[in-house]
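What follows draws every value from the coordinates through simple rules; no lab data is involved. Computed from a predicted model, the values in this text were never measured in an experiment. Reconstructed Cβ throughout: ideal geometry from the backbone, glycine too, with neighbour counts over all protein chains shown.
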Ligand code: UGA
């Protein structure tokens, strides 16, 4: 095995207390690849991270970051300095040094909702053209079930059989944007799909420090000893499916609670309380039951769609997930409907927007509900002034025609209403007295139910949230 013994050092620069380190290639310096590469380096491995975007490689080598993610910049910097992490642009230069290869390239949606696997295929071509000796090729990008099988077939056709020996494995990631570093070091489980004992052993070796929680935690000062992380070994198809099924289930929870929220508004019940109480059932669980303007981001919308396509092509009835998508898309109509209802005429009204990112602690605006809402309001003739602590640059590239403000107060200045669309801490900590004084009409539409209704009303605001019976549209007579 390609494993070198490492002496234990007391210094902070070496954060793996005991065991082996491996040479690992991570292909793709995007969200998943960069966290995986720097996380593995932090646990002691030597990692070469490859990205064919030379600009991104240059940025990383110059100490910059291609996107915002809490804790990631420090991790990348420390491991580069320690010589455990390097960035290059040619796969061929990494392969000769590394036995273990993680594929972390993008799999964006095609027009028909299927995942576009052309980047995965391109990487496979490069590997088969230049790999020599044994390699473990691990797909970490979110891919449809049976992609591993296709990779194996690809290698058997294009690889040099005499020289290139391989195993293919699936190791889905469960990293959330905004807390990806935390999720890397303290995962709920590590899933590996393999079809050989050797592949399972190598992956266990790669993740040993994380599985044993034996690294010096780079995030929590007094992390303490945590229990061993479950290591779930399956066949390759099952591992691929686990990822799509997990994301789809979480999306389903959100759409379910949003459906309940609509009913609560209609009949005069309180969705927050309903969600809290159903979540107390340990079989249901309280997370991902927060009513609001729906899920966005680069994962849930694309993964639900892709999973529907997978089900469809396998001849299975996946209409349940189509409804999850449909309910989510309707969130925007319903929210904009509430705004129109309160403002009467939207044309010419000044609307402040707090939050553009699809969720807090990220600058990602892909499929962000906030952008969909802004587009709808612009179409109605509103004057939009927006603020987000991190995502304004990325939003500006998509919607250049609105005003981007230096802070949340400036977005609220003179506004007929403000919309709270991403639950940033900074926005929660605003001085509501000050906000009330600077607005033309103190009206808050809370798309994330992030404020306390009582507190906001006590500050003299009109307040519209999601799923509160206080804004009942209609009452269903008892007994019907
Ligand atoms: C999601 C999964 O949570 C990760 O486990 C997975 O690895 C990742 O996708 C991926 O496939 O790469 P992420 O998209 O970063 O992570 O964000 P989440 O925290 O899951 O939130 C997704 C969306 O759901 C956000 O727009 C959020 O605002 C929304 N949401 C979440 C709700 O509307 N209500 C909730 O109760 C929870």
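Overview of results
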| quantity | calculated |
| --- | --- |
| Prolate/oblate/rounded label for region 263-407 (Cα gyration tensor, a/c 1.5) | prolate |
| Rounded FRET efficiency, nearest 0.05, which uses the C-beta distance separating residue 282 from residue 259 and R0 of 22 Å | 0.50 |
| Exposure proxy ranking, count of Cβ atoms within 10 Å, fewest first, for 254, 444, 374 | 254, 374, 444 |
| Helix 147-158 axis, angle to the chain major axis (alpha carbon atoms, nearest 10°) | 40 |
| Column: log10 I(q)/I(0), Debye, Cα scatterers of the chain, q = 0.11 Å⁻¹ | -0.97 |
| Spin-label model distance (nm) - residue 410 vs residue 273, 7 Å beyond Cα toward Cβ | 4.2 |
| Packing rank of 95-107, 49-61, 136-148, 213-225, where each peptide gets the mean count of other beta carbons within 10 Å, highest leading | 136-148, 95-107, 49-61, 213-225 |
| Separation in nanometres of the label points that stand 7 Å from Cα toward Cβ, at residue 125 and residue 425 | 4.6 |
| Residues 164, 67, 358, sorted so that the one with the fewest Cβ neighbours within 10 Å comes first | 67, 164, 358 |
| Segments 197-205, 109-117 sorted - mean Cβ within 10 Å per residue, highest first | 197-205, 109-117 |
| Pair residue 232, residue 345: separation of 7 Å Cα→Cβ label points (nm) | 5.6 |
| Gained length - residue 266 relative to residue 432, 0.36 nm times residue gap less alpha-carbon distance | 56.9 nm |
| Residue-averaged 222 nm ellipticity for the chain, from DSSP H runs of 4+ at -39500 (n - 2.57), nearest 500 | -13000 deg cm²/dmol |
| Hydrodynamic radius (Kirkwood) for region 192-324, which is based on Cα pairs only, to one decimal in Å | 18.0 |
| Contact order relative to length of the chain, as percent, for alpha carbon pairs under 8 angstrom and 6 or more apart | 12 |
| Reference-scaled alpha-carbon Rg (2.2 N^0.38 Å with N residues) for region 224-293 | 1.48 |
| Two-decimal ratio, region 10-149, of alpha-carbon radius of gyration to 2.2 N^0.38 Å | 1.06 |
